[in-house]
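A short write-up of the structure that comes next.
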Amino acid sequence: MTRYASFACSVATATLAATIAVTLPTAAEAAWQPNKPIEFVVTSGPGGGTDNFARVVQAIIAKHKLTDQPIIVTNKGGGSGAEGYIYAKTVPGDPSKVIFGTNNAYLLPYVAKLAFTPADLTPVAALALDEFLLWVNGESEFKTAKDYLAAVKAKPETFKMGGSQSKDTDQTLTSLLEATAGVKFIYVPFQGGGAAATQLAGKHIDSNTNNPNENIGQWKAGQVKPLCVFSATRLPAGPKVSGDMGWGDIPTCKDAGVAIDRFQMPRTVWLPAKVPADAVAFYTDMLKKVSETPEWKEYVERTVQTGKFMAGAELKAFIADDDAKNKQVFEREGWLVK
Amino acid sequence: MEGFSALLHGFGVALSGYHLALMVIGVLLGILVGVLPGLGAPNGVSLLLPLTFTMDPVAAIILLTSIYWGALFGGSTTSILFNIPGEPSSVATTFDGYPLAKQGQATQALSYAFLSAGFGALVGVVLITALSGWVARFALKFSSPEYFAVYFLAFASFVGLGGASPFKTVTSIGIGFALAAVGMDSVSGSLRLTFGLDQFIAGMSFLVAVIGLFGLGELVMTIETGMKLEGIRARISPRAVFETLLQMPRYWVALVRSAAVGCWMGITPGGPTAASFMSYGLAKRFSRRRSNFGRGEPEGVVSPETADHAAGTSAMLPMLALGVPGSATAAVMLGGLMIWGLNPGPMLFIERPDFVWGLVASMYLGNVVAVLLVLTTVPFFAAILRVPFAIIGPIIVVVCFVGAYTVASREFDLWLVLAFGAVGYAFKKLDYPIAPLVLAMVIGDKAEDAFRQSLIMSKGSAAIFWSNPLVASLMALALLLLFWPLLGGIARAMSRRARGPAA
């Protein structure tokens, strides 16, 4: 709704920011270079989505020799990632600590009483948006999102929606879905998207809102099927994944009659607070180069994310918008702490 | 039987000089990683993961799994020699392995451990070969109630164990549950028991607790009882290794039972740690030499090791077929699979048979390589015990603290180790069992999550734990095990009464 307007607006700022980003770094590169080993702090456990993101970036930087300094990756994924952000808070002004996360960097403090605020972090860039889809079991009678939600509406609190964790993206999206379609699910929190995928394949739950990467194996085998994607546009048409369906053949939820324009999770990179502006410019430039490599494009394509580099004003606008959207849901659900 | 022709094809893929060299390197690196406590298999595998990005997937998975096997064997080594489990799943090995080593039978203890581990692993791979098609479907039957039943079964087989008083065992489990609850709760998304301290947000690492409870706690006890490790006069010879090999068939019942427990727990997937505890518990319950358990009973080494490796190996199957990692190490490998461009799931077996069967074949070869390598190095590891305590004692303290720090690079963990060391000492003095506490710390939060997820699904009705034959039989088995000592007592009382009037 108004989100569309702000989205169009942010596209305009994007072009502006992109021009700045391209012109700025040449000056900044001479001004600031890392002078000690860089630590990539991953706000998830080994093997998680954020972990893969950081390790792919590390591998690309090493391959293209984008910095002379060695890069160490450490996992600080405790407390849904809070551990990594709190670590950043303890090293203000240290530009050798680069924190990898999602939108949990600014959303976690809303739902849990934690010793950090978004002010303890300096946003650097977002490199991709992970997509969400509505999935049902492969043998389910439902062919469209509309049919499914109509059935859910007819029997409130009967259908089980699975997702990873609690008060996180999956449950937020479920809540949005409930408010938009006037339905009520039983939300079952699992440890991760992988568990939610197998539980759906085994018919223990009725649907999930997994990212493409989390369900692709089960979809290929025909154990689950997508109903719609929570994106403004369809996913890029690629090779067929399951039967005669490819990612591009999935309708957007809006077209399928579910009034949610888009719901995406940014893959974000941060520095601690109070770092020199030159350092931010250095990393922005480096990550921009990463996002232009064929290896990055391959990663984004394989994990069916939307490659979108955002930095500077565009990133700030995106965060503000995403923050407001989510906070609205948290307020309605009464998840806000304090 | 289609599995076997596929397997032959797999051997064709895995049997090359390059792959065999990778296995040897991987196993050696793994042993090193496993011997250093704290630096366990997950850390070792994730450290080497970036190296594999440029390799082809088959070579990469062979290297990583070989590190895993090596680390599992290395973890048993420190459990037996220093009472410091290098891996969560080798905790149960310390119960009898360390007493054996203290009695001067370090070589025998290590040989028992390695040989039975090798046996367990081989059973696991054979199972994967035979059941690959069927298991993927079976595992889909598992939902939260079934998971809870499996964890409950693990607890039940341990509680009714006898030995320590049931009250002390339950107390120990209760403390373990409380410790496992610290940190972020995934069902409610809120923090619990952190007392506003940042250090507790990530929860309490189970490995840190184990290093303190076993490593430091035991050290303090050793100092108190005379400042020497009793393994100093250990006779070390390759002959002892060979003699142990000849002894192995005597424990065939334990071997077969433990392998079955391990495979079951690996696939269901309860995990290697639960498997080793459960297998130890069962061995103790059904052994004729029950009173010798905890004092250096070979069966107490053979059982957990067999189950541990059988579970660790067969757990690769749900990881490949379902994308469900059964352990932290499997989770790292899963990340690796995705980076190499593979999608774990039921279709992996059909789309990439080269990869899957190459991996399975390499599991046969890798474990053989690992057993040979560790057996030839046993005398060297056992020789460590000849070093005087005045030298080795301080080194163990250093290793404990370094190990605890490497778990997550947190300074706070050093204080935790100290605190757990004190707790371990107190437990020993008061004769409270530590093992139930450790078990509760490892699978306590998983059991709790599964329990709460089940109740969310059923809208609060406990009937969900009896809702289908699978979960009902698991629960019934668990309850039977839990009350076994009680039932045994009643049966004895009844038979006495029956005999009474006749006498």
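Coordinate-derived values only; no laboratory data. These numbers come from a predicted model, not from an experiment. Note that each Cβ is placed from the backbone with ideal geometry, even for glycine, and that neighbours are counted across all protein chains shown.
Can you give the relative contact order of chain B as a percent, counting alpha carbon pairs under 8 Å and 6+ residues apart? Contact order relative to length: 29 percent.
Under a 5 Å amide H cut-off, with hydrogens placed 1.01 Å from N, A:Thr252 pairs with A:Val229 among residues at least 5 apart or on other chains. Long hydrophobic helices in chain A: the complete DSSP H runs spanning 24 Å or more by Cα along their own axis with mean Kyte-Doolittle hydropathy of at least -1.0 are A:2-31, A:312-333. 3J(HN,Hα) along segment B:244-261, derived from phi through the Karplus expression 6.51 cos²θ - 1.76 cosθ + 1.60 where θ = phi - 60°, amounts to 4, 4, 5, 6, 3, x, 4, 9, 4, 4, 4, 4, 5, 4, 5, 5, 5, 4 Hz, with x in place of Gly and Pro. Farthest toward the positive end of the dipole of segment B:2-502, out of B:Leu64, B:Ala260, B:Leu191, is the Cα of B:Ala260, where the dipole comes from beta carbon charges about the Cα centre. For chain A, the relative contact order is 27 percent, taking Cα pairs closer than 8 Å that sit 6 or more residues apart in sequence and dividing their mean separation by the residue count. Here the calculated FRET efficiency for A:Ala115 and B:Phe167, from their Cβ-Cβ distance with R0 = 51 Å, stands at 0.85, rounded to the nearest 0.05. Applying the Karplus relation 6.51 cos²θ - 1.76 cosθ + 1.60 with θ = phi - 60° to segment B:183-195 yields 3J(HN,Hα) values of x, 6, 9, 6, 7, 9, x, 10, 8, 10, 6, 9, 6 Hz, where x marks Gly and Pro. Rounded to the nearest 20 debye, the dipole size of the protein assembly as shown about its Cα centre is 2240 debye, using +1 on the Cβ of Lys and Arg and -1 on the Cβ of Asp and Glu. Computed over neighbours whose Cβ is under 12 Å from that of A:Pro95, the net charge equals 0, Lys and Arg +1, Asp and Glu -1. Between A:Ala54, A:Ala150, A:Ala311, the residue with the greatest mean-square fluctuation in the GNM of chain A (Cα pairs under 10 Å linked by springs) is A:Ala150. The mean count of C-beta atoms from other chains within 10 Å of the C-beta of residues in B:188-200, rounded to a whole number, is 4.
The mean number of partner chain beta-carbon atoms within 10 angstrom of a residue's beta-carbon across peptide B:332-338 is 5.
Taking every DSSP bridge with both residues inside the protein assembly as shown, close to 60 percent are antiparallel. Straightening the chain between B:Met221 and B:Ala491 buys 93.2 nm, computed as 0.36 nm per residue apart minus the Cα-Cα spacing. Of all aspartates and glutamates in the structure, the ones whose alpha carbon falls short of 12 Å from that of A:Lys146, not counting any fewer than 8 places away in one chain, are A:Asp255. Only DSSP H runs of four or more residues enter the estimate; each adds -39500 (n - 2.57), and after division by the residues of chain B the mean residue ellipticity at 222 nm equals -24000 deg cm²/dmol. For chain B, lysine pairs with C-alpha atoms less than 25 angstrom apart, excluding pairs fewer than eight positions apart on the same chain, total 15. The fewest-to-most ranking of A:Val269, A:Val183 by surrounding Cβ atoms within 10 Å reads A:Val183, A:Val269.
The alpha-carbon of A:Lys63 sits under 13 angstrom from the alpha-carbons of these aspartates and glutamates, leaving out residues fewer than 8 places away in its chain: A:Glu295.
For segment B:289-304, the Karplus equation 6.51 cos²θ - 1.76 cosθ + 1.60, evaluated at θ = phi - 60°, returns couplings of 9, 3, 5, 7, 5, x, 10, x, 8, x, 4, x, 8, 4, 5, x Hz by residue, with Gly and Pro reported as x.
Summed over qualifying helices (DSSP H, 4 residues or more, each -39500 (n - 2.57)) and divided by its residue number, chain A shows a 222 nm mean residue ellipticity of -14000 deg cm²/dmol.
Proximity of backbone amide H atoms, modeled 1.01 Å from N, is registered between A:Asn210 and A:Leu133, A:Trp135 at under 5 Å, excluding neighbours fewer than 5 places apart on the same chain.
Between amide H atoms placed 1.01 Å from N, distances below 5 Å from A:Ser164 occur with A:Asp170, A:Phe190, all of them 5 or more places distant or on a separate chain. Ranked by the mean number of other Cβ atoms within 10 Å per residue, highest first, peptides B:289-296, B:198-205 order as B:198-205, B:289-296.
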